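Below is one structure, written out as structure tokens; the observations come after it.
The values are calculated or read from the model by the stated rules, or taken from the named source; none is laboratory data. Nothing here was measured: the structure is a model prediction, and the numbers come from that model. Cβ placement follows ideal geometry from the backbone for every residue including glycine, while neighbour counts extend to all protein chains displayed. Remember, those area values only see protein heavy atoms, side chains included, never the ligands or the DNA or RNA. Shrake-Rupley method; radii C 1.70, N 1.55, O 1.52, S 1.80 Å.
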Amino acid sequence: QVQPVESGGGLVQPGGSLRLSCANSESIFSSNAMGWYRQFPGKERNMIAAITRGGNPQYVDAVKGRFTISRDNVKNTIYLEMNNLILEDTAIYYCNAIPAIRNYWGQGTQVTVSS
């Protein structure tokens, strides 16, 4: 099984923006709602944004209004547009299906918000 490949993270100042991408296995992507998860140091991974196969998004309150999830059904890729980043957004970001598939985690992409 091919694992997802996340990219687009980096170091950004507070108030800045980043766009994350996640390329997926076609079989997983076409059959599932997909989501972005993030993990703070020493904490569990938690879902922050989800998108159905039909393109309907949902967000946790912490990112609502600042992050936008989207999917490209031709490229089997999901995106996370992150605006107005704050220090508390510093984490490793992963994508997976909704609900998450246990053996379908990638390496993640590090996002660091710092002045």
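Scanning the stretch 103-114 for residues being exposed (fewer than 14 other Cβ atoms within 10 Å of the Cβ), at pLDDT 95 or above and either aromatic (Phe, Trp, Tyr) or assigned to a loop (DSSP other than H, G, I, E, B) (or both) gives a total of 2.
Counting only residues that are open to solvent by less than 50 Å² (accessible area, probe 1.4 Å), give me the strands (runs of 3 or more DSSP E) lying completely in the stretch 1-54 with at least 2 of them.
Values: elements: 5-7, 10-12, 18-23, 33-39, 45-51.
Those strands (runs of 3 or more DSSP E) span 10-12, 18-23, 33-39, 45-51.
In the stretch 70-79, what count of residues is obtained for those that are buried (at least 17 other Cβ atoms within 10 Å of the Cβ) and under 12 Å from the mean Cα position of the chain (by Cα)?
Let us first name the residues in the stretch 70-79 that are buried (at least 17 other Cβ atoms within 10 Å of the Cβ), namely 71, 76-79.
The next check asks that each one be under 12 Å from the mean Cα position of the chain (by Cα); those that pass are 71, 77-79.
Of the residues in that region, 4 qualify.
Mind checking which residues of the stretch 36-70 are touching a Pro at 6+ places or on another chain (Cβ under 9 Å) and touching a residue at least 40 places away in the same chain (Cβ under 8 Å)?
To start, the set of residues in the stretch 36-70 that are touching a Pro at 6+ places or on another chain (Cβ under 9 Å) comprises 47, 49-51, 68-70.
Hits for the stretch 36-70 are MET47, ALA50.
Within the span defined as the stretch 80-92, every residue fails to be of a type in the set (Gly, Ala, Ser) and surrounded by fewer than 17 Cβ atoms within 10 Å (Cβ to Cβ).
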